[in-house]
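Structure, as structure tokens:
Bear in mind these aren't lab numbers, they're just calculated from the coordinates by the rules spelled out. These numbers were taken from a predicted model, which means no experiment stands behind them. Counting neighbours? That spans all protein chains shown, and the Cβs are built from the backbone with ideal geometry, glycine included.
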Amino acid sequence: MLRKYSTYCLGLLLAVLLLSGRRAAAQELLAEVDVKALNVTITDQQLLTQMRNEIQQFLNNRQWTNDVYKAEERIRCTIFIGITAIPQNGQYQATARIFSKRPVYGTSYETTLMNYAETWKFTYLPGQPLDFSENSYVNNLSSLLSFYALTIIGMDQDSFAPLGGSRIFDRARNIMQNAAQNQDGDEGWKESGKRDQRSRYWLLAGLQDPQLEALRSATYAYYRQGLDIFIQKPDDARTGIYTALQGVQQAAQRRPGSTLIKAFFEAKADEIANLYRGSSSAEQKQGVVALLQEVDPTNSAKYQAILQSR
């Protein structure tokens, strides 16, 4: 009888461990958060540490989708929060920059997938837990974090399947609409200013704009038909990336000055320049440089250096 009881307890323990392991494996994000005071004085540095830890746990300890992610498949991302003002106790204004990375197949190289910055306003009170509800507004900080968690996942899924993040972007829009209806939600949730203004509204608007669908399709081609085969077939990879950039060019012609296109080149300009410096085709170099200087003149000097390489 004792042996049966011991066997039962062991089986129960194994089941609990397996379930907890499965739950952990399903979590999508592996985020690092950095919070610093910029142009403001915060005497209690422990406050910043606590804020950082709670935000990081909010992002990492939650299952955001029903998709199964292995531990090694979790999306590496970083959020830098620079506090610029404290209008009153517990209220913060900040600049935020969000990065996410994607592994390149068959290599140890991680490529930048998302690089986006905007301003945040939020309330944070130590000891008050960060909660999440997809269908109702809790507070601006949890909405900001949830919105970017889903946007990071959606952009990552776009890189593995054509328009793969569409259903995730729909969920991000639901969070945005709930936040926009609340008085303590900031202007970044609303359609204000120009289309090329830096805000989460215009970021998501770009991701869901049919006129920019060519950019999202190009994202898939850039990674799956370009970077992921670069080690095995570098010439084919550069051809695939050139085709992808033509899709970006098409989107840029339809939506000049789009926030999403600017964000794409902020993440990829250096990488693209490095990829084509090694090309043995002078014709290919000239074609890609002409295209890039048209759609991304800000980084023209980086692209011009492609032609000078041998």
Separation in nanometres of the label points that stand 7 Å from Cα toward Cβ, at Val138 and Arg167: 2.3 nm
Kyte-Doolittle at least 0.0, axis length at least 18 Å by Cα - qualifying DSSP helices, the chain: 2-25, 140-158, 259-277, 282-295
Taking 22 Å as R0, compute the FRET efficiency from the Cβ-Cβ separation of Thr123 and Gln208 and round it to 0.05. 0.20
Using +1 on the beta carbon of Lys and Arg, -1 on that of Asp and Glu, and nothing else charged, what's the dipole of the range 214-310 about the Cα centre, debye to 20? 120 debye
Stokes-Einstein translational diffusion, the range 214-310 - Kirkwood Rh over all Cα pairs, 0.692 mPa s, 37 °C, in µm²/s: 249 µm²/s
Classify the range 59-140 as rounded, prolate or oblate, taking a ≥ b ≥ c as the square roots of the eigenvalues of its Cα gyration tensor: rounded when a/c is under 1.5, otherwise prolate if a/b is larger than b/c and oblate if not. oblate
For the table Lys70/Lys101; Lys101/Lys268; Lys36/Lys121, the rows whose alpha-carbon distance is greater than 18 Å are none
Full-extension gain between Gln63 and Phe160, please, as 0.36 nm times their residue separation minus the C-alpha to C-alpha distance. 33.0 nm
Answer with one residue from Asn135, Tyr124, Val104: the one whose Cα lies farthest towards the positive end of the charge dipole of the chain, charges on Cβ with Lys, Arg +1 and Asp, Glu -1. Val104
Any chance you could run the full-extension gain for Thr112 through Gln253? It's 0.36 nm times the residue separation minus the Cα-Cα distance, nm to one decimal. 48.3 nm
Please report the relative contact order for the range 214-310, taking Cα pairs under 8 Å with a sequence separation of at least 6, and give it as a percent rounded to a whole number. 25 percent
Net charge, Gln157 excluded, C-beta distance under 11 Å - Lys, Arg +1, Asp, Glu -1: -1
Which of Pro87, Pro103, Pro162 moves most in a GNM of the chain, Cα contacts under 10 Å? Pro87
Over the chain, calculate the relative contact order: mean separation of alpha carbon pairs under 8 Å at least 6 apart, over the residue count, as a percent. 12 percent
Which net charge results when you count Lys and Arg as +1 and Asp and Glu as -1 among the other residues whose beta-carbon is under 13 Å from that of Asn53? -2
Kindly provide the pair-distance distribution of the range 138-284 built from C-alpha pairs, with 10 Å bins from 0 and whole-percent values in order of increasing distance. 11, 37, 31, 15, 5, 1
Among Gln56, Gln27, Gln88, residue whose mean-square fluctuation peaks in a GNM of the chain (springs only between Cα atoms under 10 Å): Gln88
With a cap of 15 neighbouring Cβ atoms within 10 Å, and only residues DSSP puts in a loop, list the chymotrypsin sites (Phe, Trp or Tyr not before Pro) found in the range 32-109. Tyr105, Tyr109
Quick check: convex hull over the Cα atoms of the chain, volume per residue in Å³, rounded to an integer? 173 Å³
Positive end of the dipole of the range 214-310, charges at C-beta (+1 Lys, Arg; -1 Asp, Glu), about the Cα centre: which of Ala214, Ile306, Ala237 has its Cα farthest in that direction? Ala214
In range of the label at Ser280: residues from the range 219-238 whose backbone nitrogen is under 20 Å from the point 7 Å along Cα→Cβ: 226-227, 229-238
